Every structure is written in C-alpha cells, then in structure tokens.
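Written out below as structure tokens is the structure these notes cover.
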C-alpha cells in the first residue's frame, strides 16, 4: 500500500512538472531529480519493510520456541 502511494505521488509529480511552464531541459532535469528521489524513498521503504518482516519472523520464532518449552515443562510436571 505504501508503494502504491509512493508511485502515485511520483506519477502526480511527473505530470505536474510536465504541465508546468518551464523549458524542456529544465523539465527533464526536474523529472530526473524527482525520479531519483522517488527511487531513494522506495528503496528506504523496502528496507524498512524487510526490517519489519525480519523482526516479525524473529518474534514469531521466539514465541513458538517459548510455547514449545512451556508445553514440554507442563508435560514433565504432569508425569
């Protein structure tokens, strides 16, 4: 969803620049700058997303391991 928002914002900015009264060279330079900024933001968002997924996996693994340990302890206590 964040990626769709970023792509929409970049597309809107590109259209705005195309319709702005400026010479072609300036417009192309601004488009290139905005595209580079968008790529950087998208890369940053992707990195954050990967970090969140990694952290989520680690949390889930820890929870599963603790659950197993609690189950095994409960079995030992009842036998």
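The values are calculated or read from the model by the stated rules, or taken from the named source; none is laboratory data. All of these numbers come straight from a predicted model, not from anything done at the bench. Cβ atoms come from the backbone with ideal geometry, glycine included; neighbour counts cover every protein chain shown.
The residues listed here are 7, 17, 31, 53; of these, the one that is surrounded by 12 or more Cβ atoms within 10 Å (Cβ to Cβ) and modelled with pLDDT of 75 or more is 31.
A residue that is part of a helix (DSSP H, G or I) and touching a residue at least 12 places away in the same chain (Cβ under 8 Å) occurs nowhere in the range 53-65. Here the condition is being at pLDDT 75 or above, on the phi < 0 side of the Ramachandran plot and either surrounded by 10 or more Cβ atoms within 10 Å (Cβ to Cβ) or not in a helix (DSSP H, G or I) (or both); of 25, 39, it holds for 39 alone.
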